[in-house]
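Worksheet: the structure to be examined is printed underneath.
The values are calculated or read from the model by the stated rules, or taken from the named source; none is laboratory data. It should be emphasised that the depicted structure is a prediction, and the values quoted were computed from it without experimental measurement. FYI the Cβ positions are ideal-geometry reconstructions off the backbone, even for glycines, and counts take in every protein chain you see. SASA here: full protein model, heavy atoms, side chains in, ligands and nucleic acids out. Shrake-Rupley method; radii C 1.70, N 1.55, O 1.52, S 1.80 Å.
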Amino acid sequence: MNGILKTTALPYCKGCGHDLIAKKSAAALEKLQFTPLDVVVVTDIGCHGIIDKCLNTHTVHGLHGRSVALGAGITFGLDNPEKKVLVFIGDGGSTIGLQHIMEAARLNLNMTVVVHNNMLYGMTGGQTSGLTPQGFCTTTSADGNPFSGYDICELTSTAGASYSARIMGVGDITPSLAEAFAVKGFSLVEIMEICPSYGVKLNPRRKLSEIVESSGRKIGVWRNEKKSFIMQQGKKKNDLLASVEEVKNDFPATLEKDISLVISGSAGEGVQSAATLLARAAMRSGCHVTQKGSYPVTVGVGFSTAEVNLSPAPINFHGIDVPDVAVVTSGDGLTHSKKRIEGMKKGVLFIDESLDTPETGAEVVRHDFRSVGARSASLYALLFFANHTGLIDYEAIFRTIQESGLKEKVPVEKLREKLLQ
Amino acid sequence: MQNNSVEKKVLIEGSLLITESMARAGADSFIGYPITPANLLYLYGSRRMPLMLPAPDEITTLQWMSGLAATGRIPVTATSFPGFALMVESINMAFMMELPMVIVLVQRLGPATGTATCGSQGDISLLRGMISGGHQLPVLCTSSFEDCWSLPARAVSLAAELRTPVVLLTSKEEVMTQKSFDMSLLEEITPVKLKSYEGEETYRPYMVKEGELSPPFLPVANGKWQVRLNASTHDTNGILQHSNEEAMANTRRLDAKAREKLKDYTYYQLDEQEGARTIVVSYGITALAARDVVYSMREKGKKVSLLVVKTILPVPAVYADIMANYHKVIVAEENINAQLVDLIYGVQRPENVVPVGSIGKMITPGEILKEEDCL
Ligand SMILES: Cc1ncc(C[n+]2csc(CCOP(=O)(O)OP(=O)(O)O)c2C)c(N)n1
Ligand code: SF4
């Protein structure tokens, strides 16, 4: 059987800590009796990431900083505790991709992240990363990093990872790595090392152990008693079309030409649902319809406007610039639709009695729509429009209310009585 | 169950059709991050797809999708420009790794956050240039409710067949407007299957058979063959290379993939009128207005043809061929820089090609064509 590693001649600079991590990771996987094809190694962009070609495992080499999210996607897709998803990332990748690490830790996905923390960006020339300790010299902070670095273990532990550990990248680290790899749930091992090409050169006379200690980072293990994420499989999802209610054509056709209608009122006063009821009622009379809403981003306050097109023929363009019919049931609605109403040269405006009528070329019908209560004002106004113009049979609207399960919520009898007064 | 002739009228949004179509075609995972005007697709996706995951951002969205695709799933998502912008590097990754997926891009008014609740057609120039190296992803664009059913399924099968991310382009007014629709018109959708490797020789993930452009697939973690996926320049084994011949041939193949298969997915509606010297060309939401104005001109006895383009990228050459037959070509799209015209002609726009554009509102039928335009 093949081992995890294809070769022991790894492509790093002489003395680079990445060499030890790769070899001991392979040893740890073998110790846990993973075969190469049980393992998916996802590598980040950086010196540590050029290991792919030396591995007999499956290898996935993605983008800088995104390897943990990519590995998370693979973990979701495999959903198999017998397989091992292992992510190799640097301190640089952990900086740009911190969100992905926190997310995988929070969800406690069944995967292991190995952070190669050499305290700087190796591949790009030794710059300062978010994990560089305060005072550590890099090519871009020659006098020492003025900022303190993240404690990635504290972070993942707080986020909910089953296991987080920081170890020194010296000696036989196989047992520590094997302990992390064996965890069911999210595990992260941060391995402290120093890059001979930049770190050693820029910090002469400093020892790795002293740097780690003076940065306040503890060597140790952080554990959370938490179950690994398991996919909720097998939930049957329904055909979306099956749940769509059919609208029967059970009323005689009444509409002979296209009508565009805009109804404006206040949020929470049932403008959109009234417009939908009108649209469905029109469909019962053989009409083609479109309906869309507009409202502020904060859907619970301010205006609410619905645009409805009704036509005896199929509708293509459904924009409404100047409507044939405008219906206004509140002050919010009037403010929102005033310009349009002023632009009407013909057509009809139905407006609540309490509001001032804007300048318009439309025929104006004023009525006490709000007398049925604010929540029913829009529906009442549309019933009134249907009855007044005869364009849509108002009984079709009542029937639609009845069949749509809204009967309990809508004071049907009161509306009918008012309408026929 | 479909294709029966008994009328079944419903009142639905295009979002519902798009989601159901993708699911029936074989998309099995929806990864979502909320953004107006794509939220309805997220909602329907969560109700319909066997797997739904809420991502913490759009970079994660694309990375999770890529990971899922690496295991053999066909994931989809829906977003709008701000989210799409975050996805761009990861879409490049999925393109390079050759992972199938569909991204529904619901256009809204930009730049930047722009206006979330205002439609637009401002993103095709971005789509043309989004892959470093100038390579292209297939981009299909819906221009009717019927398209909201047929094109998403084709996007899924194209993604699987070509092993590539595919963008399904639409816009706010198409996915958020409810419309009466006869469901008996919906054609049957057959689910796709990824073409998987069945050979006995060692699997080389980026090796294609003679005459083919996409490699057969094997999921990572399979127990038979090692799989290597790589977003860096790589050879047929999936091993990183600087720029050797094999690696450059692989990148050239990626460039050729979408273009050489284009004839298999060139979708457009051409409605030519005998004797017409004017043609209206449009796509997406503006195609609705274009249809209206063309039909109404014909009712007035005017002669005019109509071309609605649905395959946006790579641009099929047939569009320019059709347009070349007319004395006047009016191209209507909801932006102010004639992006489709630009894609077709570059800086060599013929003088008889007249763009009609708009921002902040839909282009109306009357703005596209006047009677005197019908030569
Ligand atoms: C989005 C993006 N930004 C920047 C880079 C450039 N880049 C390549 S490797 C690297 C740093 C790698 O440092 P680290 O992750 O610490 O790994 P090391 O090289 O030290 O092993 C950077 C910034 C990139 N590839 N992608
Ligand atoms: S530059 Fe530093 S991190 Fe990169 S291989 Fe060399 S020693 Fe290792």
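Condition first: more than 13 Å from chain B (Cβ to nearest Cβ) and buried (at least 18 other Cβ atoms within 10 Å of the Cβ). Now tell me which residues in the range A:255-278 satisfy that. Even if it seems obvious, please write down each step before you answer.
Restricting attention to the range A:255-278, the residues satisfying the condition of being more than 13 Å from chain B (Cβ to nearest Cβ) are A:256-257, A:259, A:261-271, A:274.
A:Ile259, A:Leu261, A:Val262, A:Ile263, A:Ser264, A:Gly265, A:Ser266, A:Ala267, A:Glu269, A:Gly270, A:Val271, A:Ala274 - these are the residues of the range A:255-278 that are more than 13 Å from chain B (Cβ to nearest Cβ) and buried (at least 18 other Cβ atoms within 10 Å of the Cβ).
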Open item on the list: It is to be established whether one or more residues within the range B:43-50 are in contact with a strand residue (DSSP E or B) (Cβ under 9 Å, 6 or more places away or on another chain), charged (D, E, K, R) and within 30 Å of A:Met283 (Cα to Cα).
Closed with: yes
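Every residue, every condition in (1) within 17 Å of A:Asp352 (Cβ to Cβ); (2) not basic (Lys, Arg), yes or no:
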| residue | (1), (2) |
| --- | --- |
| A:Ala275 | yes, yes |
| A:Lys292 | no, no |
| A:Pro296 | no, yes |
| A:Val299 | no, yes |
| A:Val308 | no, yes |
| A:Pro314 | no, yes |
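Step by step: first the residues of the range A:213-232, then only those that are open to solvent by less than 100 Å² (accessible area, probe 1.4 Å) and of a type in the set (Val, Ile, Thr), then the one that is farthest from A:Phe147 (Cα to Cα). Which residue is that? Step through it out loud before you land on a result.
To start, the set of residues in the range A:213-232 that are open to solvent by less than 100 Å² (accessible area, probe 1.4 Å) comprises A:214-217, A:219-222, A:224, A:226, A:228-229, A:231.
From the residues that got through so far, the ones that are of a type in the set (Val, Ile, Thr) too are A:219, A:221.
Working: A:Ile219: 21, A:Val221: 25 Å.
Of everything passing the filter in the range A:213-232, A:Val221 is farthest from A:Phe147 (Cα to Cα).
Test A:Pro204 against the stated conditions and say whether it is open to solvent by 10 Å² or more (accessible area, probe 1.4 Å) and either among the hydroxyl-bearing types (Ser, Thr, Tyr) or within 16 Å of ligand 1 (Cβ to nearest atom) (or both).
Details: open to solvent by 10 Å² or more (accessible area, probe 1.4 Å): yes; either among the hydroxyl-bearing types (Ser, Thr, Tyr) or within 16 Å of ligand 1 (Cβ to nearest atom) (or both): no.
No.
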TODO: Answer yes or no: is there a residue in the range A:76-89 that is within 21 Å of the chain's Cα centre (by Cα), within 12 Å of ligand 1 (Cβ to nearest atom) and under 22 Å from B:Thr77 (Cα atoms).
DONE: no
TODO: Kindly list the number of the only condition in (1) open to solvent by 20 Å² or more (accessible area, probe 1.4 Å); (2) not in a strand (DSSP E or B) that fails for A:Ala281.
DONE: (1)
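I'd like the full set of residues that are within 11 Å of ligand 2 (Cβ to nearest atom) and within 38 Å of the chain's Cα centre (by Cα), limited to the range A:1-18.
A:Gly17, A:His18
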Task: Selection from the range A:328-355 of residues that are assigned to a helix (DSSP H, G or I), of a type in the set (A, V, I, L, M) and in contact (Cβ under 8 Å) with a residue 40 or more places away in the chain - done: A:Leu334
Task: Unmet requirement for A:Asp38, which otherwise passes all of (1) open to solvent by less than 10 Å² (accessible area, probe 1.4 Å); (2) touching a Lys or Arg at 6+ places or on another chain (Cβ under 8 Å); (3) more than 16 Å from ligand 2 (Cβ to nearest atom) - done: (1)
Task: Matching entry among A:Leu177, A:Leu155, A:Leu131 (being over 29 Å from A:Gln33 (Cα atoms) and assigned to a helix (DSSP H, G or I)) - done: A:Leu155
TODO: Name every residue in the range A:1-35 that is more than 14 Å from every other protein chain (Cβ to nearest Cβ), of a type in the set (A, V, I, L, M, F, W, C) and open to solvent by 50 Å² or more (accessible area, probe 1.4 Å), in order of residue number.
DONE: A:Ala9, A:Cys13, A:Leu32
Task: Selected residue [within 16 Å of ligand 2 (Cβ to nearest atom), open to solvent by 40 Å² or more (accessible area, probe 1.4 Å), assigned to a loop (DSSP other than H, G, I, E, B) and not basic (Lys, Arg)] from A:Met123, A:Met119 - done: A:Met123
Open item on the list: Among the residues of the range B:184-196, are any under 20 Å from B:Gly67 (Cα atoms) and within 14 Å of another protein chain (Cβ to nearest Cβ)?
Closed with: yes
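Would you check if A:Gly130 is within 16 Å of ligand 2 (Cβ to nearest atom) and either small (Gly, Ala, Ser) or outside the structural domain of A:Gly169 (by TED's automatic domain parsing) (or both)?
Details: within 16 Å of ligand 2 (Cβ to nearest atom): no; either small (Gly, Ala, Ser) or outside the structural domain of A:Gly169 (by TED's automatic domain parsing) (or both): yes.
No.
Applying the selection to the range B:269-290, what residues are over 14 Å from B:Ile322 (Cβ atoms), open to solvent by 20 Å² or more (accessible area, probe 1.4 Å) and not small (Gly, Ala, Ser)?
Step one: filter the range B:269-290 for residues over 14 Å from B:Ile322 (Cβ atoms), giving B:274-275, B:284-290.
Filter once more, so that each one left must be open to solvent by 20 Å² or more (accessible area, probe 1.4 Å): B:274-275.
Selection gives B:Glu274 alone.
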Open item on the list: Checking the structure you have, find out if any residue of the range B:236-256 is over 18 Å from B:Ile131 (Cα atoms), away from every other protein chain (no Cβ under 12 Å), of a type in the set (Asp, Glu) and open to solvent by 20 Å² or more (accessible area, probe 1.4 Å).
Closed with: yes
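Could you tell me whether the range A:96-104 includes any residue that is away from every other protein chain (no Cβ under 12 Å) and either touching a residue at least 60 places away in the same chain (Cβ under 8 Å) or within 16 Å of ligand 1 (Cβ to nearest atom) (or both)?
Applying the first criterion (away from every other protein chain (no Cβ under 12 Å)) to the range A:96-104 yields none.
No, the conditions are met nowhere in the range A:96-104.
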- [ ] Determine the pairs where a residue that is within 14 Å of chain B (Cβ to nearest Cβ), located within the range A:114-128, has a partner that is within 11 Å of ligand 2 (Cβ to nearest atom) with Cβ atoms under 6 Å apart, the partner being 6 or more residues away or on another chain.
- [x] A:Met123/A:Gly46; A:Met123/A:Cys47
Open item on the list: Out of the residues in the range A:63-104 meeting the condition of being within 16 Å of ligand 2 (Cβ to nearest atom) and β-branched (Val, Ile, Thr), tell me which one is most open to solvent (accessible area, probe 1.4 Å).
Closed with: A:Thr95
- [ ] Give just the number: which of (1) touching a residue at least 60 places away in the same chain (Cβ under 8 Å); (2) among the polar types (S, T, N, Q); (3) in contact with a strand residue (DSSP E or B) (Cβ under 9 Å, 6 or more places away or on another chain); (4) within 14 Å of chain A (Cβ to nearest Cβ) does B:Thr311 not satisfy?
- [x] (4)
Task: Positions within the range A:110-134 being near ligand 1 (Cβ under 6 Å from one of its atoms) and either closer than 18 Å to A:Lys218 by Cβ or hydroxyl-bearing (Ser, Thr, Tyr) (or both), in sequence order - done: A:Tyr121, A:Thr124, A:Ser129
Open item on the list: Checking B:Pro37 against (1) away from every other protein chain (no Cβ under 13 Å); (2) crowded, with 22+ Cβ neighbours inside 10 Å: exactly one of these is not met. Which one?
Closed with: (1)
Open item on the list: I need the full set of residues from the range B:1-34 which are open to solvent by less than 10 Å² (accessible area, probe 1.4 Å), touching a Pro at 6+ places or on another chain (Cβ under 8 Å), within 9 Å of another protein chain (Cβ to nearest Cβ) and not polar (S, T, N, Q), in order please.
Closed with: B:Leu17, B:Ile31
